[in-house]
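Enquirer: Quick one: the structure is below, and I'll ask about it shortly.
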C-alpha cells in the first residue's frame, strides 16, 4: 500500500507532467550536459527495466534490440511516456508502480536504469534493494542523479534548497546512492562525479552466484 508520502509525490508528479519536458529542456543541459542520457542508455542491453521513466526522455537513446519494461509512480507521466514511445515506434511495457515495490519476479532483468529518479523516491534504500532483487546475477545497474556535492559550499546551498524542493517536488538534493548500492550487494564498476560533485553517473553489477 502507498504511504502518505508516496501518494503526495504521485500528486506532485501528476501536476508537473504537462510542463516537465519544457523544464528539463531548460535546466538539464546546464545541470547534467547534453550527452549524459545517451551515455547511460548506451550501456543497457537485453531485458531492460527503467525505474521512474517519467515522460520517457531516455526512450530515443536505448540501443536497438533491447526489450524495455518501465515503471513510474505517476499515471500522467506514464501517459506522456506512452505517447513518446508510440511516436518513436518503440515497443515498451510501461506500468504504474513504486520503485520500492517493483511488480516483477526475482532475477527478471539484465539491466536496470534509473536516471534523475532516486532523488525523488520516498525510500531510496528500498528502491535500490528492489533493483538488486529483480536483476539477474551478472546484471548491471546504471544510475544517473544529482547527489550531495563534494564541494562544501555547494553542499551547504543544496541543504538550504532541499527544504524547498522536498515540499514542492519530493526532490532531495543531498542523497548519495553509491554507499547504498554497495550495501545492497552490488560491485561498483565505476562512479563518475561532475559539476562540483553534484552529478554522479554510476554503473554496478550484481555478482554472479
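Enquirer: Any residue at all in the stretch 47-59 that's in contact with a strand residue (DSSP E or B) (Cβ under 7 Å, 6 or more places away or on another chain) and assigned to a helix (DSSP H, G or I)? Outline the logic, then answer.
Expert: Looking only at the stretch 47-59, we keep the residues that are in contact with a strand residue (DSSP E or B) (Cβ under 7 Å, 6 or more places away or on another chain), and these are 47-54, 58.
Checking the rest, the ones that are also assigned to a helix (DSSP H, G or I) come to none.
Taking every residue of the stretch 47-59 in turn, none turns out to be in contact with a strand residue (DSSP E or B) (Cβ under 7 Å, 6 or more places away or on another chain) and assigned to a helix (DSSP H, G or I).
Enquirer: Which of the following residues is in a helix (DSSP H, G or I), more than 21 Å from residue 10 (Cβ to Cβ) and modelled with pLDDT under 95: 178, 155?
Expert: Only one candidate qualifies: 155.
Enquirer: List the residue pairs whose Cβ atoms are under 6 Å apart, where the first residue sits in the stretch 20-44 and is touching a residue at least 60 places away in the same chain (Cβ under 8 Å) and on the phi < 0 side of the Ramachandran plot, the second is buried (at least 16 other Cβ atoms within 10 Å of the Cβ) and part of a loop (DSSP other than H, G, I, E, B), and the two are 6 or more positions apart or on different chains.
Expert: Pairs that qualify, where the first residue is touching a residue at least 60 places away in the same chain (Cβ under 8 Å) and on the phi < 0 side of the Ramachandran plot and the partner is buried (at least 16 other Cβ atoms within 10 Å of the Cβ) and part of a loop (DSSP other than H, G, I, E, B), are 20/55; 37/58; 41/58; 41/62; 44/62; 44/66.
Enquirer: Suppose we filter 76, 70, 85 for residues that are over 16 Å from the mean Cα position of the chain (by Cα), buried (at least 16 other Cβ atoms within 10 Å of the Cβ), at pLDDT 95 or above and closer than 28 Å to residue 136 by Cβ; which single one remains?
Expert: Just a single option satisfies the conditions, and that option is 85.
The values are calculated or read from the model by the stated rules, or taken from the named source; none is laboratory data. Since this is a predicted model, take the numbers as computed values, not measurements. Don't worry about glycine lacking a Cβ; one is built from the backbone with ideal geometry, like all the others, and counts go over all protein chains shown.
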